[in-house]
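Every number here is computed from the coordinates shown, using simple stated rules; none is lab data. Values in this document were obtained by computation on a predicted structure and should not be read as measured data. Reconstructed Cβ throughout: ideal geometry from the backbone, glycine too, with neighbour counts over all protein chains shown.
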Amino acid sequence: MTQKTPDVRRALPMGSFDYSDRFTEELDTMKKIQLMDRNAWAKFVNLFKHPGIDDHDHGWRCEYWGKMMRGACFTCQASPDPDLYAVLEETVRDLLTAQDEHGRFSTYSVDAEFHGWDIWGRKYIMLGLLYFLDICTDDTLAEKVLTALMRHADYMLSKLGREEDGKLVIAACTNNWDGLNSCSILEPFMLLYNRTGEQRYLDFAEYIVSFGGTLHKNLFEQAYEDTTPVHKYHTDKAYEMISCFEGLAEYVKVTGNEKYRQSVIRFGDRVLREEATIIGCLGCKYESFDHAVVEQFNESHRGDMQETCVTVTWMKFLWQLWRMTGDAKYMDAFETSMYNAMSAALKRNIDMEANGGLPIPIHSYNPLRHDVHPDTVGGKKMIDDNSYYGCCVCISTAGFALETLASAAVGHRSLFVNLYRDGIITTDDITLKVDTRNYESGGDVSFEVLKVSGSPLNQPTLYLRIPAWADRKATFITNGIRVKVDTSREYYPGYLPVNVTEGKKFMLSFAGDDFFRYIHPADVSDVPVENIPYLAVRLGPTLYSADDTLDGEPVYDIDTTGSFRTWMDGGHYPEESAVPCRGILKLPLKNGEQLTLVDYPSAGQVPGHKVSAWIKTKV
């Protein structure tokens, strides 16, 4: 469908990326352990073949298949794999056999439907099938999927709507979060409208928008007014709220509603200011907003916090915001999540035999201050007599795949490189080879333009993101000439424009004082804070953490004026580090000793070991 307010940047199509680096390895791990597991897919589909399995506890088993399918489709787009595609086509065909005579895909019986998390689960069925259509290579199957999708959607339209029409009010069809989870179905209805052009789906989307996310308070209006902190909104559940605003973003693109466009952006900016923690997750009160830029220092917050579902949803929303605006700050935040919270979520010790042979490769929660990774499986539900699963496990692959999909995008005859990955990016205009071997440890990224299309008078432009942690500054090196650049005042702030010719080689260097930094609470808080005895240590985009087994939280007297030493070798580790890690930092203490830190994703991966992303210090 024609969009009145299309994205200012466009995602690259499937097959545009050929990467081989640590992030590729993380995605491959999830693919092998989770996405290629036919047994897991069969277990999830089986839930829909027995409607009523979620009746007794109004559960969310209904989300598992669609949530994992979305991540699987993102994975195929990021790194096409015929073997993975075959598994996905097989489970889609299996799911189609589970559609009941009413057109429903539901784990709730008809008598119990539209309560609890039923609509939330139907949302994920829609998303899973819609994203599968983006990669489907079989036209006959695609037609069957779309027909099933429309039957599934039309049944909801026959039951949900305005009370005066004798229908159920969608925002009242749950006892959770005042309807946030049900109203988040806005996103797939907009995507379905885009695919079919059927006016009834847009009409239903407009009906959902009228609630503004909840039954009793219009959060979309609240975001537009932009006077209330997000943790003081009518409800504070992070994941579901962001999902509703994702749906509003899709609505804005079709309708051109500028007010709601501002609502989406203002909401995103406020979340970024108030809730984004040092590792790139949101909220510290379990899974809810709570002014986390300050609350991340609150001693009472321990255990289940910094949820992986929230991390992935935040990353997806940041990608949405960047495509809408082109503002580099959203990719800065995405990079923080990618290098820290997302990477740390992947377990380094995965028990392949546990849980009835259905391994759980993901930490559901990430610690901030001297705490272990909790054993809690977020959203845990039994799916048969031998196995359970959880929401964070299902959603995680989407996060790892987005690290590829968001790494570069196009504008008019332009390639924007957002994230520095090892490998090749191919577009209609430019083929670019990137070597990031020193990005994390020394600050250098090398480039080679392999191919350029167009006449000499109409060459495309390459835009390279210069990260905020480097103060938007870098050294551009080509043919032995070094030029210092400041991108804060460029036409696209935060991006360095480079004119490209075939065969051109050049380098960006971020090395310098900004590459290593001590971060104090006042540096990250949006309100004045004093006498909080913590600091964090960042090397480029990566946070470094203490890793220990001490009972009490240690206090270190760090000499922040002294010199430090770094060491990094992608997965190997020296004798100075007691745990496997990608890199270490050795910081000087005022007593003449040194404190050894490891990269945050490696910290706490040994059972019983505690993580200190924020290190307690003497005031």
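Working from Cα positions, state the angle (0 to 90°, nearest 10) between the long axis of helix 258-274 and the longest principal axis of the chain.
Helix 258-274 sits roughly 50 degrees off the main axis of the chain.
If the only charges are +1 at each Lys and Arg Cβ and -1 at each Asp and Glu Cβ, what is the size of the charge dipole of region 128-279 around the Cα centre, to the nearest 20 debye?
160 debye
Using label points projected 7 Å from each Cα along Cα→Cβ, tell me how many nm separate ASP203 and LYS484, to one decimal.
With each label placed 7 Å out from Cα toward Cβ, I get 6.4 nm.
Evaluate the charge dipole of region 410-509 about its Cα centre and quote only its size in Debye, nearest 20, assuming +1 on the Cβ of each Lys and Arg and -1 on the Cβ of each Asp and Glu.
Details: 13 positive and 11 negative charges, 37 e Å.
In total the dipole reaches around 180 debye.
Once the mean 1/r over all distinct Cα pairs of region 518-616 is inverted, what Kirkwood radius in angstroms do you read off? Please list the in-between numbers first.
On the way: mean 1/r = 0.0710 Å⁻¹.
Over region 518-616, the inverse of the mean reciprocal pair distance is 14.1 Å.
Could you tally the net charge around ALA536, taking each other residue with its Cβ under 14 Å from the Cβ of ALA536, Lys/Arg +1 and Asp/Glu -1?
Every neighbour counted, the sum reads +2.
For region 338-344, just list the computed ³J(HN,Hα) in residue order, Karplus coefficients 6.51, -1.76 and 1.60, θ = phi - 60°, integers in Hz, with x standing in for Gly and Pro.
For region 338-344, the Karplus curve yields 4, 7, 10, 4, 5, 5, 5 Hz.
Using the charge dipole of the chain (Lys, Arg: +1 at Cβ; Asp, Glu: -1 at Cβ; taken about the Cα centre), state which of GLN306, ALA406, GLY552 has its Cα farthest towards the positive end.
Sorting the options by dipole projection puts first ALA406.
Setting aside same-chain residues fewer than 8 positions from LYS285, which aspartates and glutamates have a Cα under 19 Å from its Cα?
Qualifying aspartates and glutamates at Cα under 19 Å: ASP178, ASP236, GLU240, GLU274, GLU275, GLU295, GLU299, ASP304, GLU307, ASP371, ASP375, ASP526.
Would you mind checking which residues have amide H under 5 Å from TYR534's amide H? H placed 1.01 Å from N; only 5 or more apart, or other chain.
Distant-sequence amide H within range of TYR534: THR617.
Report the relative contact order of region 518-616, percent, no decimals, based on alpha-carbon pairs under 8 angstrom and at least 6 residues apart.
32 percent
Whole-Å semi-axes of the chain's equivalent ellipsoid, largest first, each the root of 5 times a Cα gyration tensor eigenvalue? Can you show the working numbers first?
Numbers: eigenvalues 292, 170, 116 Å².
Taking √(5λ) for each eigenvalue gives 38, 29, 24 Å, largest first.
Once both axes come from the Cα atoms, what is the angle between helix 328-337 and the longest principal axis of the chain, in degrees from 0 to 90, rounded to 10?
Computed tilt is about 90 degrees.
With r defined as the distance between the Cβ atoms of GLU163 and LYS217 and R0 fixed at 22 Å, what FRET efficiency is calculated, to the nearest 0.05?
Values: r = 18 Å, r/R0 = 0.82.
Efficiency at R0 = 22 Å is approximately 0.75.
Quick one: net charge of ASP557's neighbours, Cβ under 13 Å, K/R +1, D/E -1?
+1
Excluding GLN320 itself, what net charge comes from residues whose Cβ is under 9 Å from its Cβ, given Lys and Arg +1 and Asp and Glu -1? Working shown, then result.
Details: positive: LYS316, ARG323; negative: ASP7, GLU246, GLU250.
Taking every Cβ under 9 Å from that of GLN320, the sum is -1.
Along the charge dipole of the chain, which of PHE204, VAL529, GLY15 sits closest to the positive end, that is, farthest toward it, with unit charges on the beta carbon of Lys, Arg, Asp and Glu (+1, +1, -1, -1)?
Among PHE204, VAL529, GLY15, the one farthest towards the positive end of the dipole of the chain is GLY15.
Using Cα atoms only, what is the angle between the long axis of helix 308-325 and the major principal axis of the chain, expressed in degrees (0 to 90) to the nearest 10?
Helix 308-325 and the main axis of the chain meet at about 90 degrees.
Under a point-charge model restricted to the Cβ atoms of Lys and Arg (+1) and Asp and Glu (-1), what is the dipole moment magnitude of the chain relative to its Cα centre, in debye to the nearest 20? Write out the running numbers ahead of the final one.
Working: 64 positive and 88 negative charges, 280 e Å.
Its charge dipole is roughly 1340 debye.
So what's the gap between the Cα centers of region 115-161 and region 22-93, to the nearest angstrom?
15 Å
My understanding is that a pair violates if its Cα-Cα distance is over 26 Å; which of LYS144/LYS316; LYS329/LYS504; LYS49/LYS159 do that in this structure?
LYS144/LYS316; LYS329/LYS504
Just from the alpha-carbon atoms, what are the Rg and Dmax of region 386-510 in angstroms?
16.8, 65
Under the definition of Cα pairs under 8 Å and six or more residues apart, what whole-number percent is the relative contact order of the chain?
Answer for the chain is 13 percent.
Can you list the residues, at least 5 places off or on another chain, whose amide H is less than 5 Å from the amide H of ILE466, using H built in the peptide plane?
For ILE466, the qualifying residues are TYR495, LEU496.
Are there GluC sites (Glu not before Pro) in region 275-334 that DSSP marks as loop and that have at most 11 other Cβ atoms within 10 Å, and which are they?
Here the GluC sites (Glu not before Pro) that fit, given the DSSP loop and packing criteria, are GLU299.
Determine Rg/Rh for region 281-430; Rg is computed over alpha-carbon atoms and Rh is the Kirkwood hydrodynamic estimate from the same atoms.
Working: Rg = 17.4 Å, Rh = 16.9 Å.
That ratio is 1.03, to two decimals.
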